[in-house]
Amino acid sequence: MRDFRKFEVWQLSHIITLKVYELSRNFPREELFGLTSQIRRSFASIGYNISEGCGRNSDKEFANFINIALGSASEAEYQFLLARDLDYVEAENYDAIQEEIVLLKKKLVSLWNKLNNN
């Protein structure tokens, strides 16, 4: 069994998720059950899937959850773009998180490739 806390992709996803939770506190109240809830779930889902994959018995199963995490990262990336375009997130905050999302997605692809080449 793998310890998800030791994986750099999980650590990065956790840090980004905490930042998004903080930033989304300033979203309009009417978005509480809309974009606020959805963007938080999407970012958290990345870490959920990495950690669930770590509990699986094979590299193939783990790779499947990494692939799902990558899909969640793309979904979260769009939701964050939407939040920026709705003026819920300042440009500098968007740019900083966006860079981290791109890095996270690259690391997820790298881990997925590594798991599939074993």
The helix 91-116 Cα axis meets the longest alpha-carbon principal axis of the chain at an angle in degrees, between 0 and 90 and rounded to 10, of 10 degrees
Would you mind checking the tilt of helix 8-24 against the longest principal axis of the Cα atoms of the chain, expressed as 0 to 90 degrees and rounded to 10? 20 degrees
Treating the angle as unsigned and between 0 and 90°, give the value, to the nearest 10°, between the Cα long axis of helix 59-85 and the longest Cα principal axis of the chain. 10 degrees
Given R₀ = 22 Å, FRET efficiency for Tyr21-Asn116 by Cβ-Cβ distance, to 0.05? 0.10
Considering the chain as a Gaussian network with a 10 Å cut-off on Cα pairs, which listed residue, Glu77, Glu52, Glu99, attains the greatest mean-square fluctuation? Glu99
Under unit Cβ charges (Lys, Arg +1; Asp, Glu -1), what dipole magnitude, rounded to 20 debye, does the chain have relative to its Cα centre? 600 debye
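Quick note: the coordinates plus some simple rules give every number you see, no bench work behind them. The structure displayed is predicted, hence computed values, not measured ones. With ideal geometry, Cβ positions are generated from the backbone for all residues, glycine too; neighbour counts draw on all protein chains shown.
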